[in-house]
Amino acid sequence: MTLFKQGEALAAYDISLGRSPQGHKTEEGDQKTPEGEYILDYKNEQSSYYRSMHVNYPNAGDIAQAERRGVSPGGLIMVHGQRNGFAWLAWIMQRVDWTDGCIAITNEEMDEFMSLVAPGTPIHISW
(Lines give C-alpha, C1' and ligand atoms only; values in the text may rest on other atoms or scores of the structure.)
Protein backbone atom coordinates (compact mmCIF):
# COMPACT_ATOMS: atom_id res chain seq x y z
CA MET A 1 0.00 0.00 0.00
CA THR A 2 1.37 3.38 -0.95
CA LEU A 3 0.24 6.73 0.44
CA PHE A 4 0.38 9.66 -1.96
CA LYS A 5 0.07 13.40 -1.43
CA GLN A 6 -0.23 15.55 -4.55
CA GLY A 7 1.19 12.70 -6.64
CA GLU A 8 4.25 12.17 -4.41
CA ALA A 9 4.69 8.92 -2.48
CA LEU A 10 4.83 9.60 1.27
CA ALA A 11 4.97 6.06 2.68
CA ALA A 12 4.67 2.45 1.57
CA TYR A 13 3.58 -0.59 3.57
CA ASP A 14 3.56 -4.35 3.08
CA ILE A 15 -0.05 -5.38 3.66
CA SER A 16 -2.11 -8.44 4.47
CA LEU A 17 -5.57 -8.71 2.95
CA GLY A 18 -8.54 -11.05 3.15
CA ARG A 19 -7.82 -14.78 3.02
CA SER A 20 -9.18 -14.92 -0.54
CA PRO A 21 -8.21 -11.43 -1.66
CA GLN A 22 -8.22 -11.38 -5.43
CA GLY A 23 -11.47 -10.22 -7.03
CA HIS A 24 -13.91 -7.64 -5.72
CA LYS A 25 -15.75 -8.28 -2.46
CA THR A 26 -19.33 -9.22 -3.34
CA GLU A 27 -20.81 -10.52 -0.11
CA GLU A 28 -20.33 -10.91 3.61
CA GLY A 29 -18.03 -13.80 4.47
CA ASP A 30 -16.28 -14.08 1.09
CA GLN A 31 -12.98 -13.03 2.75
CA LYS A 32 -12.21 -10.62 -0.08
CA THR A 33 -10.96 -7.07 0.20
CA PRO A 34 -13.16 -4.65 -1.76
CA GLU A 35 -11.67 -3.14 -4.91
CA GLY A 36 -12.42 0.29 -6.26
CA GLU A 37 -12.82 3.85 -5.03
CA TYR A 38 -13.71 4.36 -1.39
CA ILE A 39 -13.21 6.89 1.40
CA LEU A 40 -11.36 6.41 4.69
CA ASP A 41 -14.18 7.99 6.65
CA TYR A 42 -13.38 7.65 10.37
CA LYS A 43 -10.72 6.57 12.84
CA ASN A 44 -11.42 3.97 15.53
CA GLU A 45 -9.19 3.82 18.60
CA GLN A 46 -11.42 1.20 20.33
CA SER A 47 -10.86 -1.59 17.80
CA SER A 48 -10.19 -5.29 18.43
CA TYR A 49 -7.06 -4.62 16.36
CA TYR A 50 -4.37 -2.08 17.03
CA ARG A 51 -6.02 1.15 15.89
CA SER A 52 -8.09 1.24 12.74
CA MET A 53 -9.50 3.45 10.03
CA HIS A 54 -12.79 2.58 8.34
CA VAL A 55 -13.17 2.10 4.57
CA ASN A 56 -16.69 3.20 3.53
CA TYR A 57 -17.51 -0.17 1.97
CA PRO A 58 -20.19 -0.97 0.94
CA ASN A 59 -20.96 1.96 -1.34
CA ALA A 60 -24.24 2.34 -3.25
CA GLY A 61 -23.01 0.14 -6.12
CA ASP A 62 -21.90 -2.60 -3.73
CA ILE A 63 -25.27 -2.54 -1.95
CA ALA A 64 -27.22 -2.68 -5.22
CA GLN A 65 -25.12 -5.59 -6.50
CA ALA A 66 -25.66 -7.52 -3.26
CA GLU A 67 -29.41 -6.81 -3.27
CA ARG A 68 -29.70 -8.16 -6.83
CA ARG A 69 -28.03 -11.37 -5.66
CA GLY A 70 -30.05 -11.57 -2.44
CA VAL A 71 -27.00 -11.44 -0.16
CA SER A 72 -25.53 -9.10 2.43
CA PRO A 73 -22.60 -7.06 1.09
CA GLY A 74 -20.86 -7.20 4.47
CA GLY A 75 -19.06 -4.24 5.98
CA LEU A 76 -16.67 -3.06 8.67
CA ILE A 77 -13.72 -3.06 6.29
CA MET A 78 -10.80 -1.34 8.00
CA VAL A 79 -7.14 -0.52 7.63
CA HIS A 80 -5.77 -1.78 10.95
CA GLY A 81 -2.77 -3.04 12.87
CA GLN A 82 -2.38 -6.46 14.44
CA ARG A 83 -4.98 -8.16 16.63
CA ASN A 84 -4.69 -6.69 20.13
CA GLY A 85 -2.26 -8.72 22.22
CA PHE A 86 -0.61 -10.37 19.20
CA ALA A 87 1.70 -7.67 17.83
CA TRP A 88 4.65 -9.98 18.43
CA LEU A 89 3.32 -12.23 15.61
CA ALA A 90 3.42 -9.45 12.99
CA TRP A 91 6.64 -10.82 11.47
CA ILE A 92 4.67 -13.95 10.54
CA MET A 93 1.20 -12.52 10.00
CA GLN A 94 2.33 -9.88 7.51
CA ARG A 95 3.62 -12.65 5.22
CA VAL A 96 0.16 -14.16 4.66
CA ASP A 97 -3.33 -12.90 3.89
CA TRP A 98 -5.22 -13.43 7.16
CA THR A 99 -7.99 -10.85 7.50
CA ASP A 100 -11.67 -11.25 6.66
CA GLY A 101 -11.35 -8.48 4.04
CA CYS A 102 -9.52 -5.73 5.88
CA ILE A 103 -6.09 -4.27 5.11
CA ALA A 104 -3.57 -5.07 7.87
CA ILE A 105 -0.20 -3.47 8.56
CA THR A 106 2.13 -3.61 11.58
CA ASN A 107 1.30 -1.59 14.68
CA GLU A 108 4.26 0.72 14.13
CA GLU A 109 3.11 1.33 10.58
CA MET A 110 -0.44 1.93 11.82
CA ASP A 111 0.84 4.71 14.09
CA GLU A 112 2.48 6.37 11.09
CA PHE A 113 -0.58 5.77 8.88
CA MET A 114 -2.92 7.36 11.44
CA SER A 115 -0.64 10.41 11.69
CA LEU A 116 -0.58 10.87 7.90
CA VAL A 117 -4.19 10.10 6.92
CA ALA A 118 -7.20 12.22 7.86
CA PRO A 119 -10.84 11.13 7.72
CA GLY A 120 -12.24 11.93 4.30
CA THR A 121 -9.14 10.71 2.46
CA PRO A 122 -9.92 8.75 -0.72
CA ILE A 123 -8.50 5.23 -1.08
CA HIS A 124 -8.14 3.35 -4.35
CA ILE A 125 -7.95 -0.41 -3.83
CA SER A 126 -6.77 -2.49 -6.79
CA TRP A 127 -4.50 -5.32 -7.84
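The values are calculated or read from the model by the stated rules, or taken from the named source; none is laboratory data. It should be emphasised that the depicted structure is a prediction, and the values quoted were computed from it without experimental measurement. Using ideal geometry, Cβ is built from the backbone for each residue, glycine included, and neighbour counts are taken over all protein chains shown.
Restricted to the stretch 66-80, and to residues there that are modelled with pLDDT of 95 or more and within 19 Å of Ile123 (Cβ to Cβ), the residue that is surrounded by the fewest Cβ atoms within 10 Å (Cβ to Cβ) is Pro73. Restricting attention to the stretch 5-20, does a residue exist that is at pLDDT 95 or above, within 12 Å of the chain's Cα centre (by Cα) and within 25 Å of Val71 (Cβ to Cβ)? Looking through the stretch 5-20, none of the residues is at pLDDT 95 or above, within 12 Å of the chain's Cα centre (by Cα) and within 25 Å of Val71 (Cβ to Cβ).
Might you let me know whether the stretch 37-46 holds any residue that is without any contact (Cβ under 8 Å) to a residue 60 or more places away in the chain, farther than 20 Å from Trp127 by Cα and not in a strand (DSSP E or B)? Before the answer, list the steps.
Filtering the stretch 37-46 for residues without any contact (Cβ under 8 Å) to a residue 60 or more places away in the chain gives 44-46.
Now restrict to residues that are farther than 20 Å from Trp127 by Cα: 44-46.
Next cut, not in a strand (DSSP E or B) only: 45-46.
Yes: one or more hits.
When the stretch 14-33 is examined, which residues are found to be in contact with an Asp or Glu (Cβ under 7 Å, 6 or more places away or on another chain) and either crowded, with 18+ Cβ neighbours inside 10 Å or part of a strand (DSSP E or B) (or both)?
Keep residues of the stretch 14-33 that are in contact with an Asp or Glu (Cβ under 7 Å, 6 or more places away or on another chain), which gives 16-21, 24, 31.
Matches in the stretch 14-33: Ser16, Leu17, Gly18, Pro21.
Going by the structure shown, is Ala64 aliphatic (A, V, I, L, M) and free of Cβ contacts under 8 Å to residues at least 60 places away in the same chain? For Ala64, the condition - aliphatic (A, V, I, L, M) and free of Cβ contacts under 8 Å to residues at least 60 places away in the same chain - is met.
Of all residues in the stretch 84-108, those satisfying the criterion of being under 14 Å from the mean Cα position of the chain (by Cα) and either part of a strand (DSSP E or B) or exposed (fewer than 14 other Cβ atoms within 10 Å of the Cβ) (or both) are Thr99, Ile103, Ala104.
To keep it simple, each residue is scored yes or no on (1) closer than 14 Å to Ile103 by Cβ; (2) not aliphatic (A, V, I, L, M).
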| residue | (1), (2) |
| --- | --- |
| Ala9 | no, no |
| Ser20 | no, yes |
| Asp30 | no, yes |
| Leu40 | yes, no |
| Gln46 | no, yes |
